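Student: Below is the structure I would like to discuss, written out as structure tokens.
The values are calculated or read from the model by the stated rules, or taken from the named source; none is laboratory data. Just so we're clear, the structure is a prediction, and the values are computed from it rather than from any experiment. We place every Cβ from the backbone using ideal geometry, glycine too, and count neighbours over all the protein chains shown.
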Amino acid sequence: MDKHYIFDIDNTVIATEKAMIKSLQYVMKHFANRDYSEADLAFIAPFSAEETLNRLGYPAREDLVQHWIDHVDMFSSHIYFFEGMVQILNQLQQKGIRLGVITSRRRDGLEKEPLWQKIKHLFDVVICAEDSREHKPSPEPMLAYLKGSNATATQCVYFGDTEMDMIAAEKAGFDFYLAGWGAKLNNKTRQANVLMHPKEIISIR
């Protein structure tokens, strides 16, 4: 029975948090005339762009979502692969493990990411924000993955960096490992299986 290793992208495979915050700061200042500190926007990591803007008081602002997507590359110097991640993904694929993605990013935003273009060929099924009506911590994105891959929950292991990733995976019946290299640990996430370096993924049985 094939094993499926499924990854969140942001702050699990690719470090993007600083770039996402800085680009959102820029967009809100130039297109909504609002100033936010990095601390004000530190909450954004688990959420889709639409949910982030909703929480900032800008629901249904597709223009701001699109500006945010379009301006992330201004801060590309802050975007990088976590150490050893590309090599690990290639090793997993060579071992016959099927690789997938479940991300809260919109597909158009993900496709604009140059580092994603370097690894997208490694993944069989990619679930983005528009592929499910509800988002993490709902298990619906995980169920969309099962439908797209014809896998069962017992075949699936999910790697993510937030409590919402953990909750969604557990609700769907996936095994879960916290990407400690990109996570902000709290009392709840410390209860998960925590990996501190991507190389530890290879040792999972």
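Student: Somewhere in region 58-66, is a residue in contact with a Lys or Arg (Cβ under 8 Å, 6 or more places away or on another chain) and at pLDDT below 95?
Tutor: Taking every residue of region 58-66 in turn, at least one turns out to be in contact with a Lys or Arg (Cβ under 8 Å, 6 or more places away or on another chain) and at pLDDT below 95.
Student: Right, another one. Considering only residues of region 162-179 that are in a loop (DSSP other than H, G, I, E, B) and at pLDDT 95 or above, which is surrounded by the fewest Cβ atoms within 10 Å (Cβ to Cβ)?
Tutor: G173
Student: I would also like to ask the following. Can you tell me which residue in region 133-159 is nearest to G109 (Cα to Cα), limited to those that are hydroxyl-bearing (S, T, Y) and buried (at least 20 other Cβ atoms within 10 Å of the Cβ)?
Tutor: The residue in question is Y145.
Student: Still on this model: Please work out if S23 is of a type in the set (G, A, S), in a helix (DSSP H, G or I) and modelled with pLDDT of 95 or more.
Tutor: Here the answer is yes, as S23 does meet what is asked.
Student: What helices (runs of 4 or more DSSP H) lie completely within region 65-148 and have 2 or more residues being among the acidic types (D, E) and assigned by TED's automatic domain parsing to the domain that holds G182?
Tutor: 107-111
Student: Another one. Can you tell me how many residues in region 42-64 are assigned to a helix (DSSP H, G or I) and of a type in the set (G, A, S)?
Tutor: 1
Student: Right, something else. Go through (1) part of a loop (DSSP other than H, G, I, E, B); (2) within 17 Å of the chain's Cα centre (by Cα) and name the single condition N186 misses.
Tutor: If we test N186 against (1) part of a loop (DSSP other than H, G, I, E, B); (2) within 17 Å of the chain's Cα centre (by Cα), just (2) comes out false.
Student: May I pose another question? Which pairs do you get when a residue that is in a helix (DSSP H, G or I), found in region 29-40, comes within reach of a residue that is surrounded by 12 or more Cβ atoms within 10 Å (Cβ to Cβ), reach meaning Cβ atoms under 7 angstrom, with the pair 6+ apart or on two chains?
Tutor: Taking only residues 6 or more apart or on different chains, the pairs are F31/L64; F31/H67.
Student: Just give me the residues in region 167-193 being of a type in the set (K, R) and farther than 16 Å from M142 by Cβ, in sequence order.
Tutor: K184, K188, R190 - these are the residues of region 167-193 that are of a type in the set (K, R) and farther than 16 Å from M142 by Cβ.
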